[in-house]
Each structure stands twice: as C-alpha cells, then as structure tokens.
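Here the structure is laid out as structure tokens; the discussion comes afterwards.
The values are calculated or read from the model by the stated rules, or taken from the named source; none is laboratory data. Only a predicted model underlies this, so the values are computations on that prediction, with no experimental measurement involved. Quick reminder, even Gly has a Cβ in these numbers, built from the backbone with ideal geometry, and neighbours come from all protein chains shown. Side chains included, ligands, DNA and RNA excluded: accessible areas come from the protein's heavy atoms. Shrake-Rupley method; radii C 1.70, N 1.55, O 1.52, S 1.80 Å.
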Amino acid sequence: MAQNNFSRVTEFILLGLSDTQELQLLFFTLFLLAYAMVLLGNLLIIMTVRTDPKLSSPMYFLLCNLSFIDICYTSVTIPRVLVAQLSGHKAIAFEGCMAQLFFLHFVGSSEMFLLTVMAFDRYTAICRPLHYTAIMARGACWALVSACWVGGFIHSIVQTVLMLQLPFCGPNIIHSYFCDVPPIVRLACTDTTLTEWLMASNSGLISLGCFLVLMASYVLILAKVQAHLSQGHWKALSTCASHVMAVTLLFMPCIFTYLQPAGTLPTSKYVCVIYTIFSPMMNPLIYTLRSSEMKESMWRL
C-alpha cells in the first residue's frame, strides 16, 4: 500500500450505552446518583478514619486508601460520561482516549493490588495474631500501599505503550462509554493477534492472579476459624465475608473482560458497568456496614 494514503485517527466516537433518548436520560440519572454515592460514601470513610484516633489500625488505614482509589477510579470515566450526555458531544481526542485508558488501568490495577494487601492484612490478623503488630507496622503499611501504586503504574504503562504502537487509520467508533483496551484494539488497521495476547496476559493474568491469591487467603482464614470457634474469630470471618463480596464484584467481570484476546468473545459494555461503577459504589457499604467501630465513628462524626 502507498504510505501517502495513510491517515491517523485523531479522535474516537464513544457511543455510550444506548442511542435511545429515554434510556440515555435513565443512564445519566443512574450514573449521576452512583457517582454522588461514590464521592459521599468514600469521602465520609476518609474523614472518619482521619479524625477518629480509635480507627488507627492497619485495616482502617488500608480502607482509607481504598476509598481514595475508588474516588480516583470513578472520576476517570463517569464525569466525562455525564458531560457527554449533557452536551451531546461524544467525540474524544486520540490523546485524551489514551490518557483515559492509562489512568483507568493505573488506578484499577492499583486497587486490585490493594485488595490483595487487605486480604493479607486479614490473614495476618487472624492466623498470626501475635506477630500482627510487627508485620503490619505503619512503615510496612506505607511500603505495601506504595508498592500497589508502583505495580499499577508499571502495568498501565505497558498497556498504553502497546496501544500506542498500533496504527489507527480506519473506523473510530467505540461501542462503549469509555476508552479501554478490548474495544480500541479492534479498531487497529493491522494484525493485532500478538498484541491481543500480550494485553490479555498482562491485564487478564493480573486480575486472575490477584483473585486466586485473595481466595487462597480467605480459605486459610476459614480453616483457621473452623479450628478455633471463638467469638472474635467469627467476627473476623464476618468481615472477610464482606471482603469476598467486594472482590468478587470487581474481579470476576475483569477476568471475563481481559483474560481473552479482544476478538475471541464479544465484550458486553454492560459488564463494564459492574467494575467501573457498581463495584466502587458498593465498596463503602460493604466495608462499613460490617464494622461496628466504623458505624459508631461515623455517627459521632
């Protein structure tokens, strides 16, 4: 082919969830309410943990960081969706699309790593209570949280670099409401088989690996609780049950979406709603309603 006929896509068109006016209004209302719940719920958690000296344990320190990540995670996608719905402007510049993809994976993978650290925290508290204070010291907590952010950055930069290597010279319509790897890679005007497998290995294996580690830690906790049937252990098990619910909401849709090449199975844009909106919205409820200390501190605040 003649190289002078090559033209690079300068913008993408995000179709959103529906073309119907009534459904667009419904989705706008739901997205706005969900974003408000994410902001209010997570900001309340952060304020409560920061102002109450009783909530100084590593579990609440990690929960505070999770709330901050959830705010960042939803802010990458939802505000632009709301603005697009109001203005009717569905186009997003190529650079803006790549930036959204980068920050989405940066914050999303950091959250996965942080949830794994939170599971390790619960495992240590229940299975190694005598060594818990030494293992989960404040310095160690800061190091673990920093490692989550560094791991998320490395993962995201790899994804973004792989995307930037692809030529986009044809269709520019994305059948979703945000820029992500599966719908964008299908638009590349070249053979993307190798790139798809590399991306699936990156995002998919991270999601699957973290999920398996999480489940393994909870299995060990369950075995410990069954061996020592005390009230304190059952309370810890109740906390872990809420954690399992939260990680399942996040990880299962991600594994379904990313642990496959882009063209293997059609990725439903409605599945993406679960881990980009519904899961961050439910985290404040799941992680606070099961904690009497957190509820009491919130009422005092």
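A few points about this structure:
- Shape analysis of the range 1-110 based on the Cα gyration tensor places the equivalent ellipsoid semi-axes at 36, 20, 8 Å, largest first.
- Calculated from backbone phi, Karplus (6.51, -1.76, 1.60) coupling profile of the range 23-37 in Hz, x at Gly/Pro: 5, 4, 5, 5, 5, 4, 5, 5, 5, 5, 5, 5, 5, 4, 5
- Projected label points at Leu30 and Ile13, each 7 Å from Cα along the beta carbon direction, are separated by 2.4 nanometres.
- Calculated from the alpha-carbon coordinates, the chain shows an Rg and a Dmax of 20.9, 75 Å respectively.
- Taking all protein chains as they are arranged and a probe of 1.4 Å, the heavy atoms of Trp149 leave approximately 70 Å² accessible to solvent.
- From helices alone, the chain scores -24000 deg cm²/dmol at 222 nm; the rule is -39500 (n - 2.57) for each run of n ≥ 4 DSSP H residues, then divide by the residue total.
- Full extension of the chain between His89 and Ser75 gives 3.2 nm of extra length, using 0.36 nm per residue less the Cα-Cα distance.
- By accessible area with a 1.4 Å probe, ligands and nucleic acids excluded, highest first: order of His89, His155: His89, His155
- Residue among Tyr60, Tyr270, Tyr177 with the largest mean-square fluctuation in a Gaussian network model of the chain, springs linking Cα atoms under 10 Å: Tyr270
- Per residue accessible area in Å² of the chain, where ligands, DNA and RNA are left out and the probe is 1.4 Å: 48
- Mean separation of Cα contacts under 8 Å, 6 or more apart, over the residue count of the chain: relative contact order %: 27
- Computed accessible area, Lys269, all protein chains, 1.4 angstrom probe, square angstrom: 50
- In order along the range 172-181, the Karplus-derived 3J(HN,Hα) couplings, from 6.51 cos²θ - 1.76 cosθ + 1.60 at θ = phi - 60°, round to 10, 9, 9, 7, 6, 10, 8, 8, 9, 5 Hz, and Gly and Pro are given as x.
- Fraction of accessible area attributable to carbon and sulfur, the range 81-181 (%, probe 1.4 Å): 73
- The modelled label-to-label distance between Phe153 and Ala241, using points 7 Å beyond Cα along the C-beta direction, is 4.0 nm.
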